[in-house]
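Following: one structure in structure tokens, then a few remarks.
Derivation of every value follows stated rules applied to the coordinates shown; laboratory data play no part. This structure is a prediction, so every number in the text was calculated from the model and none was measured. In this analysis, Cβ positions are derived from the backbone assuming ideal geometry, glycine residues included, and neighbour counts consider all displayed protein chains.
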Amino acid sequence: MTEIISGIFLLLGSIFILLSAIGILKMPDLFTRMSATTKASTLGIGLVLIGTAIFWGDIGIAARALSIIIFLLLTAPVAAHIIGRAAYFDKVPLWEKTHIDELKGKYDEDSHLLS
């Protein structure tokens with residue numbers, strides 16, 4: 001029974017990782033690519049780690065998997081935010097169908113602090 005449950009988690013995780021890879025190829029600009037890949041890959045890796053922990057059934061492996069998942073959940077959004085902010089200040093172009101730039105005019109050009 002644990003093999004089936006771990007297989008489901010591994011399959012779902014692999015699907016999310018595949019969707020993340022497709023998002024890199026299909027999304028039109030850096031910001032949408034980054035959003036899609038950060039969310040999907042973090043969830044996918046988490047599901048793969050949960051499936052691995054269930055498969056092995058060892059408390060040590062489960063503790064390592066849980067600590068990696070927590071680390072990913074804490075660091076991936078922060079890293080994506082920092083990369084996105086740096087790209088925005090470096091004036092990486094938005095997709096031409098982006099209707100609203102909510103940050104335009106809200107940052108000081110020199111200090112990059114909110115006005």
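Results, tabulated for the structure shown:
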| item | result |
| --- | --- |
| Selected residue (criterion: nearest to GLU96 (Cα to Cα)) from residues of region 6-64 that are basic (Lys, Arg) and surrounded by fewer than 16 Cβ atoms within 10 Å (Cβ to Cβ) | LYS26 |
| Boolean, ASP101 is in a loop (DSSP other than H, G, I, E, B), loosely packed, with under 10 Cβ neighbours inside 10 Å and either touching a residue at least 60 places away in the same chain (Cβ under 8 Å) or out of contact with any Pro (no Cβ under 6 Å at 6 or more places or on another chain) (or both) | no |
